[in-house]
Amino acid sequence: MFIETETTPNPATLKFLPGRRVMPAGTREFTSYEGAAASPLAEALFDLGDVTGVFFGHDFISVTAAPGVEWPGLKPQVVSILLDHFISEAPLFAGGDASTIAVPAEDDDFGDDPADADIVAQIRELIETRVRPAVANDGGDIIYRGFREGVVYLTTQGACSGCPSSTATLKQGIESLLKHYVPEVTEVRAA
């Protein structure tokens, strides 16, 4: 088995591609050792002591190194843990699969107005078809949180979370795209 690695726009995060499916559906982010207990793989990565974030995508894992940690020393340890996990065919989550794990809801944190249902549907469609695939290429994800008074609220995950260019991505990329196709959008903000 060979695990490819790719850099991401976030210098603290590397994207690891095991050449097989990681998550059957959706994504999952771990930002603490305590939260990682739901996944033996995430927990093993946090056990290294130099990891501050683990993100599971459809076919990749993004790992974020602690401040001051250099990837040349950490990368071989991460690859070793990933190889052990995938070669042994161990379950990704304690209890077997992602369906047994409660995942935070991905929508309506801001209570969308039912009168905006058509606008929200357009926004969600653009995020699903144009934004999320592009962001996944960089080792992260964008989650829709709500639309209120012209403002779209989004949350970044994985490599995008804490990335120096995430503000530019939100403002210059996603905001421009949404404003172009959905004139009711006036701004995009991180939730």
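List of remarks:
- Yes/no for ASP138 being within 18 Å of the chain's Cα centre (by Cα), modelled with pLDDT under 85 and of a type in the set (Asp, Glu): yes
Conditions (1) closer than 19 Å to GLY162 by Cβ; (2) more than 17 Å from the chain's Cα centre (by Cα), marked per residue:
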position	(1), (2)
PHE2	no, yes
ALA12	yes, no
PRO18	no, no
VAL22	no, no
ALA42	yes, no
HIS58	no, no
ALA65	yes, no
PRO76	no, yes
LEU82	no, yes
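For every residue, the table says whether it meets (1) part of a loop (DSSP other than H, G, I, E, B); (2) touching a helix residue (DSSP H, G or I) at 6+ places or on another chain (Cβ under 6 Å).
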{"site": "PHE2", "(1), (2)": "yes, no"}
{"site": "GLU6", "(1), (2)": "no, no"}
{"site": "PRO11", "(1), (2)": "yes, no"}
{"site": "LYS15", "(1), (2)": "no, no"}
{"site": "ARG21", "(1), (2)": "yes, no"}
{"site": "ALA25", "(1), (2)": "yes, no"}
{"site": "GLU29", "(1), (2)": "no, no"}
{"site": "TYR33", "(1), (2)": "yes, yes"}
{"site": "ALA36", "(1), (2)": "no, yes"}
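- Selection of region 54-89 for residues being surrounded by 17 or more Cβ atoms within 10 Å (Cβ to Cβ), at pLDDT 95 or above and among the small types (Gly, Ala, Ser) yields SER62, ALA65.
- All positions within region 156-168 that are out of contact with any Ser or Thr (no Cβ under 8 Å at 6 or more places or on another chain) and under 16 Å from GLU128 (Cα atoms): none
- Hits in region 158-191 (condition: within 30 Å of THR52 (Cβ to Cβ) and in a loop (DSSP other than H, G, I, E, B)): ALA159, CYS160, SER161, GLY162, CYS163, PRO164, SER165, ALA191
- If you go through region 24-40 and pick out every residue that is closer than 25 Å to ALA134 by Cβ, more than 12 Å from the chain's Cα centre (by Cα) and surrounded by 18 or more Cβ atoms within 10 Å (Cβ to Cβ), you end up with 0.
- Considered as a group, the residues in region 139-168 that are touching a residue at least 60 places away in the same chain (Cβ under 8 Å) and within 18 Å of ASP59 (Cα to Cα) include one that is surrounded by the fewest Cβ atoms within 10 Å (Cβ to Cβ), and that residue is GLN157.
- Counting the residues of region 38-51 that are in contact (Cβ under 8 Å) with a residue 24 or more places away in the chain and outside any loop (DSSP other than H, G, I, E, B) gives 6.
The values are calculated or read from the model by the stated rules, or taken from the named source; none is laboratory data. This structure is a prediction, so every number in the text was calculated from the model and none was measured. Cβ sites come from the backbone with ideal geometry, for glycine too, and all protein chains shown count toward neighbours.
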